[in-house]
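Only one structure is covered here, and it is reproduced in the block below.
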Amino acid sequence: MAQLKQSFKVSNSYVSKKLCLLVFPWRHRSWNRRMLRSPSPPHGNPSQPRPAQTSTETYLSPRDDINSPDLYIPSMALTTYILLGALRAGLTSKFHPDVLGMTASKAISVLILEFLIVKLGCYFLNVPGQSQVVDLFSYGGYKFVGSTVIVLVGMLGFGGSIYWLVFLYLFAANAFFLVSSGFIISHPDTEHIFPQLRSLRTLVLHDPAANPANPYTPAQRSYRVIFLFTVALMQIPFMLTLAWV
């Protein structure tokens, strides 16, 4: 519940910047999540000598870090997507109250299916417990921003080449946001070429130096890179499914 509450700590500035980042992620450079270091509270008898002071590190909330995943934008984008689907059905005289339930069921099914695929992939690849449920739902829910834009483009009457160009662009933007654009990272010697950490990659390809208790071999790293490729390509059928409401 603490992590869930943390994911809704957003501000107007964060929402506007994050929406721009989701649609135009190409020029973003620093993808590392920022940490907050706070001293541990004192304990024990005050009369006794104090032990060496320790500190704990936690991720900053979304309103203080644009790279932090949140659930506010995905939930609002999901709601907007459902309402746009109902509006589109109404404009074609096909609206029925069941349209809301069917659109919501399809959207949530896509979200849960992607979540299960990623969790299974992390399980079989022996990824340590960094793939938090809230974070995965956040990253998966960001696709509703692009899907909403695609539905809106179709409602405005843009068809043919314009529609598919918008779809391909938003798919590429979402895939780029989820994983690293520098996929040639299976060899340690090329790691310095792509120092940025991009979104979902931080969950699957954690830094071994930062987490020495959970190292992985070059072969395991290659499998994880292939897995990230697969997650990126999965956005095509998912966004196609959501585009037809």
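The values are calculated or read from the model by the stated rules, or taken from the named source; none is laboratory data. If you're wondering where the values come from, they're calculated on a predicted model, not measured in any experiment. Here the Cβ positions follow ideal geometry from the backbone for every residue, glycine too, while neighbour counts run over all protein chains shown.
Checking LEU22, LEU78, LEU36 one by one, the residue that is over 20 Å from ALA175 (Cβ atoms), modelled with pLDDT of 60 or more and surrounded by 10 or more Cβ atoms within 10 Å (Cβ to Cβ) is LEU36 and no other. In summary, helices (runs of 4 or more DSSP H) completely within segment 54-147 and bearing 3 or more residues that are of a type in the set (S, T, N, Q) and assigned by TED's automatic domain parsing to the domain that holds LEU228 occur at 72-91, 97-124.
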